[in-house]
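Visitor: Below is a structure I'd like to ask you about.
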Amino acid sequence: MSDRKDAGARFLAFVELIAKLRAPGGCPWDREQTHASVKPMTIEEAYEVAQAIDEGDDHELAAELGDLLLQVVFHAQMATDRNAFTIAEVIDSVSAKMIRRHPHVFGDDGASTASQVLRKWEALKAEERASKGEAPSAESMLDSVSKGLPAILEAFQMTTKVSRVGFDWPDAAAAAVKLDEEAAELKAALAEGAPDADAVLEELGDLLFAAVNVARLLGLDPESALKGSNRKFRRRFRHVEEGLRERGRTPDGSDLAEMDALWNDAKRREKH
C-alpha cells in the first residue's frame, strides 16, 4: 500500500510539473502547443512503447511508458487550460468504465473464463451505447473500432470483436486456406493482359486481411510479426551495404546479382 501512496504522490507532483510548464512564466514551447500539434507525438510515443515490448527491453519499456504518460497528462492539462476537463475527470471516467465492465469482479455477475468476459463486454458496450441514446438499429459492434487506426490494427480489432460472437474461422488452418485463395485471386488479377489497378488493389487488400486473420487465430500480433520482418530486412540490407562498402562500392553502383549474393550471405550467417 505504501508503494501505491508513493506512486500517487509522484503522479500528483508530475501533474503539477506539467501545469507549471503550461502556466504563465513557464516554457514558451509548451504553452504554444495544442491537442492537434501534440497528436503526432502521442502516436509516436505509443509506437515506441510497442517497440520496447517487441524488443523485450524492460528498462526501455519503463522509459517509453513514462513518455506516453507525459502525453496523457499534457493533453489533460491543455484541456484544463481551456476549461474543458481535468486529469481527475480523465481518471474518474476510465475508473468508472473499468468497474462497469467488470461486474464479475466488482459486482455479482459471474464469469469464470476469458471468453465469457469478452462476450459480456460486448453486451455491456451495447448497453452503454443505448444509454447514450444511440438507436440499436443504427449501431454496430464495429462502431467502437476507430477508422483512424493503422489498417493492420483495424483489421485485427474488427475480426477480434466479431469472433467474440462466433463469427470466425474454426482455426488458423482454415484461415490459411482462405489466405491461399486470396493469393490465387491476386495472381489471377495480375495475369490479366492489362491488369485492372482497382481489382489488383482490392485483391491485395483481401490478401493482407486474410493474413491478419491467420495471425490472430495463431494468437500472434500481426503488427509485431511485420515489425519483426522489417527489422530483419533492415539487418540484412545493412549487411549488403557493409559488404559493398568493403569493396569500395555503394548500392547504386552495384547490380542486383551482387546485392543478392550479399543478401543470401546475410541469411546464411543468421542461420549459424
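The values are calculated or read from the model by the stated rules, or taken from the named source; none is laboratory data. The model shown is predicted, which means the values in this text are computed figures rather than measured ones. Virtual Cβ from ideal backbone geometry, glycine too; neighbours counted across all protein chains shown. Remember, those area values only see protein heavy atoms, side chains included, never the ligands or the DNA or RNA. Shrake-Rupley method; radii C 1.70, N 1.55, O 1.52, S 1.80 Å.
Visitor: Quick check on the stretch 165-272: take the gyration tensor over C-alpha atoms, sort the square-rooted eigenvalues as a ≥ b ≥ c, and tell me if it's rounded (a/c under 1.5), prolate or oblate.
Guide: oblate
Visitor: Additional query: Which whole-number value in Å² is the accessible area per residue of the stretch 206-271, probe 1.4 Å?
Guide: Accessible surface, normalised per residue, equals 68 Å².
Visitor: Give me the angle, in degrees from 0 to 90, between the Cα long axis of helix 35-55 and the longest principal axis of the Cα atoms of the chain, rounded to the nearest 10.
Guide: Computed tilt is about 60 degrees.
Visitor: Explain nothing, just the number: dipole magnitude of the chain about its Cα centre with +1 on each Lys and Arg Cβ and -1 on each Asp and Glu Cβ, in debye rounded to the nearest 20.
Guide: 780
Visitor: Report, in listed order, any pair from K147/K227; K227/K267; K178/K271 with a Cα-Cα distance greater than 24 Å.
Guide: From K147/K227; K227/K267; K178/K271, over 24 Å: K178/K271.
Visitor: Let me ask something else. Is there a pair in K161/K232; K39/K232; K97/K120; K5/K120 whose C-alpha atoms are over 23 Å apart, and which pairs would that be?
Guide: Those over the limit are K161/K232; K39/K232; K5/K120.
Visitor: First measure r as the distance between the Cβ atoms of A123 and D168, then evaluate 1/(1 + (r/R0)^6) with R0 = 25 Å and state the FRET efficiency to the nearest 0.05.
Guide: 0.90
Visitor: Starting from the 7 Å offset along Cα-to-Cβ, what nm value, one decimal, do you get for the label separation of V200 and V38?
Guide: 4.4
Visitor: If you don't mind, there's one more thing I want to ask. Can you tell me the 0 to 90 degree angle between the C-alpha axis of helix 114-131 and the longest principal axis of the chain, rounded to 10?
Guide: 60
Visitor: E242 to D108: FRET efficiency via 1/(1 + (r/R0)^6), r the Cβ-Cβ distance, R0 51 Å, to the nearest 0.05?
Guide: 0.20
Visitor: Could you tell me whether the stretch 20-132 comes out rounded, prolate or oblate from its Cα gyration tensor? Rule is a ≥ b ≥ c as square roots of the eigenvalues, rounded for a/c under 1.5, then prolate if a/b exceeds b/c, otherwise oblate.
Guide: It comes out oblate by the Cα gyration axes.
Visitor: Based on the alpha-carbon gyration tensor of the chain and its eigenvalue square roots a ≥ b ≥ c, which shape applies: rounded if a/c is under 1.5, prolate if not and a/b is larger than b/c, or oblate?
Guide: oblate
Visitor: First measure r as the distance between the Cβ atoms of E139 and F233, then evaluate 1/(1 + (r/R0)^6) with R0 = 25 Å and state the FRET efficiency to the nearest 0.05.
Guide: Efficiency at R0 = 25 Å is approximately 0.05.
Visitor: Still on this structure: Separation of the stretch 141-165 and the stretch 76-112 by C-alpha centroid, Å?
Guide: 22
Visitor: Per 0.36 nm of contour for each residue apart, how much would the distance between D57 and L69 grow if the chain were fully extended, relative to their Cα-Cα spacing?
Guide: Contour length minus the Cα-Cα distance gives 2.5 nm.
Visitor: Further question on the same structure: Counting alpha carbon pairs within less than 8 Å and at least 6 residues apart, what relative contact order, in whole percent, applies to the stretch 10-115?
Guide: Normalised by residue count, the contact order of the stretch 10-115 is 20 percent.
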